[in-house]
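Everything on this sheet refers to the single structure shown next.
The values are calculated or read from the model by the stated rules, or taken from the named source; none is laboratory data. Values in this document were obtained by computation on a predicted structure and should not be read as measured data. Cβ sites come from the backbone with ideal geometry, for glycine too, and all protein chains shown count toward neighbours. Surface accessibility is based on the protein's heavy atoms, side chains included, excluding ligands, DNA and RNA. Shrake-Rupley method; radii C 1.70, N 1.55, O 1.52, S 1.80 Å.
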Amino acid sequence: MNGTVHLHGRLVYDRLDGRLDAAAEDAAQTHLRRCDPCMRLERECSYVVESLRRLGVERIQPPAGYWDAFWAQWSDLSEKGRF
């Protein structure tokens, strides 16, 4: 790895869902303009989000602690280059 800090997957999904404040949105957009791997990640994630929106899939609430465990595992795999 070249030392570049990439956007976390959680931030990408929050951005796609419109949950970032203005400052975080501006910072993410600035990063995406110069980072091809993060642009690819956002594009791939957007396909999933848009498909679910078109299908009208309702959001369900996962069990307590689900997202903390998910993002911990994501971060671990990301650091090891396994996704």
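Below is a table of values for the structure above.
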| quantity | calculated |
| --- | --- |
| Partnerless Cys - the chain, beta-carbon criterion under 4.7 Å | Cys45 |
| For the chain: relative contact order, % (alpha-carbon pairs under 8 angstrom, 6 or more apart) | 36 |
| Solvent-accessible area per residue for the chain (1.4 angstrom probe, square angstrom) | 78 |
| Size of charge dipole - the chain - debye, nearest 20, with Cβ of Lys, Arg +1 and Asp, Glu -1, no other charges | 240 |
| Listed values (i) 3, 13, 20, 14, 11, 12, 12, 10, 5, 1, 0; (ii) 3, 11, 18, 19, 16, 13, 11, 5, 2, 1, 1, 0; (iii) 3, 12, 20, 24, 22, 14, 4, 1, 0, entry calculated as P(r) over Cα pairs in 5 Å bins from 0, in percent | (iii) |
